[in-house]
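The values are calculated or read from the model by the stated rules, or taken from the named source; none is laboratory data. Model, not experiment: these values are computed from the prediction. Glycine gets a Cβ as well: all are built from the backbone with ideal geometry, and neighbour counts include every protein chain shown.
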Amino acid sequence: MQELGVILLAAGQGTRMKSALPKVLHPLAGRPLFLHALATAQRLAPSRVAIVIGHGAESVRQTYGADDVAWAIQETQLGTGHAVLCAKAPFADFSGDLLILSGDVPLIREETLRAMVERHRRRKTALTLLTASLERPAGYGRVIRGAAGRVTGIVEEKDASDAQRQIREVNAGVYVASSAFLFAALSTVKNDNQQGEYYLPDIVAVGLAQGKLIESVQVADAREMLGVNTREDLAFMEKNLRERINRKWMLAGVTLKDPDTTYIDDSVTIGKDTVIGPNTQLRGKTIIGERCRIDGTALLTDVEIEDDVELKFSVVLTGSRIGAGAIIGPFAQLRPGTELGRKVHIGNFVEAKAAHIGDGTKANHLAYLGDVTIGRDSNIGAGTITCNYDGFQKYKTTIGDRVQVGSDTTLIAPIALGDDVYVATASTVRQDVPAGALVFNPREEKIREGWTEQKRKQMKGKSK
Ligand code: UD1
Ligand code: CA
């Protein structure tokens, strides 16, 4: 079995993006552009992967994070041909086939890549390139075919004659090449063109001159080979990819009430019979269980939700875990480090941060629960505030099981309330409270009868 290697081109600045950020780092469906094609290529289980970097090299490398690929540095961006040549070293002792991908062509499908590799091997070609027929081919290299319909070359838009620009078949920028042929051919490519660049597709002419077999595969659905050169392309692609992701989840048994306003990142997973309402964004490593209900207007980032959870209208959840059967919202915020047990209720205008809340505990209205651990089956009354910050440091609050915290309570951390504690309404609690105790702030209550009428008379007299 032939070995397969991958070269991903990601050194260009992406001038047409007009951005300080390297093009391949612009996010698409929540993931940097270049990681899309890379993830797809990795599904072909290549034995070696090299990424060519140059512009913003360090940030591209850091974004990738792992060290299971070879990094090839292209100091100056002299063209795609030069870029591939920069990846020669990692493939010095490699004699298999190389799949070459552009970091800015993110929607390419695994099936297409497999079909290319398979055909390349079956037909024993030196080079197999991917083409597509586009309504609007502007910006792409055009495929030139000879009398017998064979590919004879690629001409870049900037070098093309008016007649050549009429050609609608374009080069997708995805290639399979035999490594020995590839690097030898590239070393002979010149830069005598409009852009003064070393063009990778020029190896077509080199191969033909050597009598090599060069063939092409055409994609059925041209959308998968579209490249991102401008922010407009990016927005268009985002829409395309979102549609693809949404379709995938609907086919997997998830109801999207309004797919047009549902934004699901590539990395998210959702269980079946979950129903998702309009204006929902599921980002990052969010995992949603089965039979959950998300009313809508929800922003979830890196959130793990077990089965049968209900998210009522308008919630912002980040870096949290939610146990089965919990009910959150409407209008609630869970901030990073929050972990809710089973059947926890978090109601309207409740904010939780690094809150560990046990099974069956409820905080149904107006509360701030920060840096707190609460046991099970406790009830947190409306207007409860954990005062966790004194302007210098954060402090922890611990609340036991079956605790009743009355409305309008301030808990001055660090503080611990034992199991079965009862906090009277309108208490400010500064000391730890032992299990089973009542805590209250004695204060004198006064009532003055007839006071309102008297006051009104007095004020009326003044306004005359
Ligand atoms: C390229 C092809 C064109 C094809 C199109 C498909 C060439 C000369 N042209 O054009 O035929 O239709 O892709 O999308 O190959 N890169 C580097 N180093 C460089 C130059 C580019 O790493 O010196 C990388 C870029 O980061 C990008 C990829 O190569 O990921 C393609 O470069 P780009 O400048 O976008 O090429 P296109 O003009 O789109
Ligand atoms: Ca491009």
Item to complete: Output the residue which, of all residues in segment 132-144 that are within 16 Å of ligand 2 (Cβ to nearest atom) and small (Gly, Ala, Ser), is surrounded by the most Cβ atoms within 10 Å (Cβ to Cβ).
Response: GLY141
Worksheet item: Taking interchain pairs and intrachain pairs at least six residues apart, which have beta carbon atoms under 9 angstrom, with the first residue in segment 402-429 and under 19 Å from VAL344 (Cβ atoms) and the second small (Gly, Ala, Ser) and part of a strand (DSSP E or B)?
Response: VAL405/ALA363; VAL405/ALA367
Item to complete: Output the residue which, of all residues in segment 81-102 that are within 16 Å of ligand 2 (Cβ to nearest atom) and over 24 Å from ARG123 (Cβ atoms), is surrounded by the fewest Cβ atoms within 10 Å (Cβ to Cβ).
Response: HIS82
Practice prompt. Starting from segment 169-190, take each residue that is farther than 18 Å from GLY103 by Cβ and in contact (Cβ under 8 Å) with a residue 60 or more places away in the chain and list its partners that are of a type in the set (Gly, Ala, Ser) and within 16 Å of ligand 2 (Cβ to nearest atom), counting only C-beta distances under 9 angstrom and pairs at least six apart or across chains.
Written response: LEU186/GLY81; VAL189/GLY79; VAL189/GLY81
Discussion item. So if I check each of VAL405, VAL439, which one is of a type outside the set (Gly, Ala, Ser) and over 27 Å from GLY329 (Cβ atoms)?
Written reply: VAL439
Worksheet, complete the sentence: Sole miss for ALA126 among (1) surrounded by 13 or more Cβ atoms within 10 Å (Cβ to Cβ); (2) away from ligand 2 (no atom under 16 Å from the Cβ); (3) over 15 Å from LEU200 (Cβ atoms) is condition (3)
Worksheet item: Can you pull out the residues in segment 116-137 that are touching a helix residue (DSSP H, G or I) at 6+ places or on another chain (Cβ under 7 Å) and either within 16 Å of ligand 1 (Cβ to nearest atom) or without any contact (Cβ under 8 Å) to a residue 24 or more places away in the chain (or both)?
Response: LEU127, THR128, LEU130, ALA132, SER133, LEU134
Fill in: Pairs with Cβ under 8 Å, 6+ apart, first in segment 215-240 and closer than 28 Å to LYS124 by Cβ, second among the hydrophobic types (A, V, I, L, M, F, W, C) and part of a loop (DSSP other than H, G, I, E, B)
ALA222/LEU134; GLU224/LEU107; GLU224/ILE108; MET225/VAL105; MET225/LEU107; MET225/ILE108; MET225/VAL219
Discussion item. So, in segment 5-34, exactly how many residues are in contact with a Ser or Thr (Cβ under 8 Å, 6 or more places away or on another chain), away from ligand 2 (no atom under 16 Å from the Cβ), over 26 Å from ASP93 (Cα atoms) and not in a loop (DSSP other than H, G, I, E, B)?
Written reply: 1
Item to complete: Keeping to segment 160-180, report how many residues are surrounded by 13 or more Cβ atoms within 10 Å (Cβ to Cβ) and more than 22 Å from GLU118 (Cβ to Cβ).
Response: 6
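Okay, residues lined up against (1) at pLDDT below 95; (2) touching a Lys or Arg at 6+ places or on another chain (Cβ under 7 Å); (3) under 27 Å from GLN194 (Cβ atoms):
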residue: ARG31; (1), (2), (3): yes, no, no
residue: ALA41; (1), (2), (3): no, no, no
residue: VAL52; (1), (2), (3): no, no, yes
residue: SER95; (1), (2), (3): yes, no, no
Practice prompt. Considering every residue within segment 284-293, establish whether at least one is charged (D, E, K, R) and within 16 Å of ligand 2 (Cβ to nearest atom).
Written response: no
Worksheet item: Of the conditions (1) assigned to a loop (DSSP other than H, G, I, E, B); (2) crowded, with 22+ Cβ neighbours inside 10 Å, VAL372 fails just one. Which one is it?
Response: (1)
Worksheet item: Of the residues in segment 145-159, how many are surrounded by fewer than 17 Cβ atoms within 10 Å (Cβ to Cβ), in a loop (DSSP other than H, G, I, E, B) and either touching a residue at least 12 places away in the same chain (Cβ under 8 Å) or of a type in the set (Phe, Trp, Tyr) (or both)?
Response: 1
Fill in: Lone unmet requirement of (1) outside any loop (DSSP other than H, G, I, E, B); (2) touching a Phe, Trp or Tyr at 6+ places or on another chain (Cβ under 7 Å) for LEU208
(2)
Discussion item. Residue under question is GLU111, and the condition is that it be closer than 27 Å to ALA11 by Cα, acidic (Asp, Glu) and away from ligand 1 (no atom under 15 Å from the Cβ); does it hold?
Written reply: yes
Response to the item:
Of the residues in segment 40-80 that are more than 14 Å from LEU9 (Cα to Cα), assigned to a helix (DSSP H, G or I) and out of contact with any helix residue (DSSP H, G or I) (no Cβ under 9 Å at 6 or more places or on another chain), the one that is nearest to ligand 1 (Cβ to nearest atom) is GLU58
Item to complete: Give ALA184, ALA177 a once-over and let me know the one that is away from ligand 1 (no atom under 15 Å from the Cβ) and either more than 26 Å from MET17 (Cβ to Cβ) or in a helix (DSSP H, G or I) (or both).
Response: ALA184
Discussion item. Every residue in segment 92-108 that is more than 16 Å from ligand 1 (Cβ to nearest atom) and touching a residue at least 24 places away in the same chain (Cβ under 8 Å), please.
Written reply: PHE94, SER95, GLY96, ASP97
Response to the item:
Among residues of segment 1-15 being over 26 Å from TYR263 (Cα atoms) and within 11 Å of ligand 1 (Cβ to nearest atom), the residue surrounded by the fewest Cβ atoms within 10 Å (Cβ to Cβ) is THR15
Response to the item:
Taking segment 46-80 and keeping residues crowded, with 19+ Cβ neighbours inside 10 Å, of a type in the set (Val, Ile, Thr) and more than 26 Å from the chain's Cα centre (by Cα) leaves THR80
Practice prompt. Would you mind finding the one in ASN229, ASN191 that is under 28 Å from SER19 (Cβ atoms), at pLDDT 95 or above and not small (Gly, Ala, Ser)?
Written response: ASN191
